Structures are given as C-alpha cells and as structure tokens.
Amino acid sequence: ALVFGTPEEARRAIRRIGARHAGVTGVATDGRPYEARDPRLLLWVETTLILTSLRLYDLVRGPLGAREREAYWAEWRPVAAALGIPDDVLPRTLAGLEAFEREMLATEVLPDETSRELAAAVRRPSRLIPAPLLWPLDALTAAFLPPTVRVQFGLEWRTRERLLFRAVIVAVRALRRTLPDRLAIVPQARRYEDRVAR
C-alpha cells in the first residue's frame, strides 16, 4: 500500500501503522524508557528496510547507479516523514542514512536477553519443525545481518551458509531473467504500472 497503492491506500496504511505503534511503550532492559513512536527508533526501522532493499536489489538485479540509489532514498523520505519521523531527524542523503546505520550499530543495536529470546521464538516458531529443516532460513537471515549483530544472535556464517546464500541469489537471478513479468513482478507493482500507463 505504501509503495504501490493509491494515495488514499497509502494514507490508510500510514494511519494503521501509526495506530499500531502508538501504544507500544515500556522500559528497556538497561532502564531507559521505550516508545515505538520515538523518531530515532522509527528511523532505524526505515534504515534497515531501505538499505536491505538496496543491497538485495544489487545482488539480484545488479548495482544501481549512485543517482538511482539517491533517488530511491529521496522518494522514500516523504513516506518516512508521514510515518512520524521529523524532517530534522531524517538524513538528507543516502550517505547520511548509511552513517546513521553505522552509528546505531556501534552504539544502540546491542541485543540483550529479551531480544535474543524473541529472535529465537521467531526463528523456531514450532517445536514440531526439526531445527535442521529451518537451517536454510537461518542462513538467509544471517546473510542480511551486519556481522556484529549476526554474532550477537549466535547465527552461523560458515562456508555452507555462504554457499547456500550464493546459490539462492544465483537461482533468483536466473528465475528473474526467465520468468514472465506476470510471475516475476509482484501483483501490486503490476497494478501500479498499469495505473501509471493509463
């Protein structure tokens, strides 16, 4: 809805996201108060979404040029502002966003026992599924985490995880080149392109 929806669909999605975040408060394990609507925390979520999207695009489709990468962030900034991140908190450039990521990884993104327990519950939602069957998901998760966070969550990044990740990327690249657009492009994007063409 945010990316491919009509303006009204995007506004509704933004209202839903804001409402979901509004009541999420608490105290972090280090004693600091926590509020999901905190602009820096909202920016951190946006940072992970934007930079991971760009990195995945580079792997699957090939590197975007500097101008396209900058345009991607510039086009996303109004959405981030609508989600509650004040203009003075939003980095003006993609380089600024990358600097914010480095700062957060060095100072704020420090998994504690609670986050490790939550990550374990997400990674192993059912005891009925044997852990070896979930190993590929762990490998793909590890591939997209910064090395420091990967280590803190105890995810392996050995040769076999790297080989699996490389095989998945090669397979996705090949599929993207051979599949027709109706299968390779998500329906929301196709509907958006149809609207723009009309």
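Data table
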quantity: G96 vs. criteria assigned to a helix (DSSP H, G or I), out of contact with any Phe, Trp or Tyr (no Cβ under 7 Å at 6 or more places or on another chain) and open to solvent by less than 60 Å² (accessible area, probe 1.4 Å); calculated: yes
quantity: Entirely in the range 116-198, the helices (runs of 4 or more DSSP H) that have 2 or more residues that are in contact with a Leu (Cβ under 6 Å, 6 or more places away or on another chain) and closer than 19 Å to T52 by Cβ; calculated: 131-144
quantity: Residues that are under 17 Å from the mean Cα position of the chain (by Cα) and open to solvent by 100 Å² or more (accessible area, probe 1.4 Å), drawn from the range 109-130; calculated: V122
quantity: Enumeration of residues in the range 40-73 that are part of a helix (DSSP H, G or I), over 17 Å from the mean Cα position of the chain (by Cα) and at pLDDT 95 or above; calculated: A66, R67, E68, E70, A71
quantity: Scope the range 34-49; condition closer than 16 Å to E103 by Cα and either aliphatic (A, V, I, L, M) or open to solvent by 20 Å² or more (accessible area, probe 1.4 Å) (or both); matching residues; calculated: P39, R40, L41, L42, L43, W44, V45, T48
quantity: Test: residue in the range 50-69 that is in contact (Cβ under 8 Å) with a residue 60 or more places away in the chain, hydrophobic (A, V, I, L, M, F, W, C), open to solvent by 60 Å² or more (accessible area, probe 1.4 Å) and more than 25 Å from D112 (Cβ to Cβ); calculated: yes
quantity: Criterion: open to solvent by 40 Å² or more (accessible area, probe 1.4 Å), at pLDDT below 95 and under 26 Å from R67 (Cα atoms) - qualifying residue of Q152, Q188; calculated: Q188
quantity: Matching residues in the range 6-37 - criterion: being in a loop (DSSP other than H, G, I, E, B) and either within 18 Å of the chain's Cα centre (by Cα) or among the aromatic types (F, W, Y) (or both); calculated: A36, R37
quantity: Residue in the range 176-198 that is out of contact with any His (no Cβ under 8 Å at 6 or more places or on another chain), closer than 30 Å to V27 by Cβ and of a type in the set (V, I, T) present; calculated: no
quantity: All positions within the range 1-33 that are open to solvent by 90 Å² or more (accessible area, probe 1.4 Å) and in contact with a strand residue (DSSP E or B) (Cβ under 7 Å, 6 or more places away or on another chain); calculated: T25, V27, P33
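The values are calculated or read from the model by the stated rules, or taken from the named source; none is laboratory data. Here the structure is a predicted model, which is why all the values come from computation and not from measurement. As a convention, Cβ positions derive from the backbone with ideal geometry for all residues, glycine included, and neighbour counts pool all protein chains shown. For the accessible areas, the whole protein counts, side chains as well, though only heavy atoms, and no ligand, DNA or RNA atoms are used. Shrake-Rupley method; radii C 1.70, N 1.55, O 1.52, S 1.80 Å.
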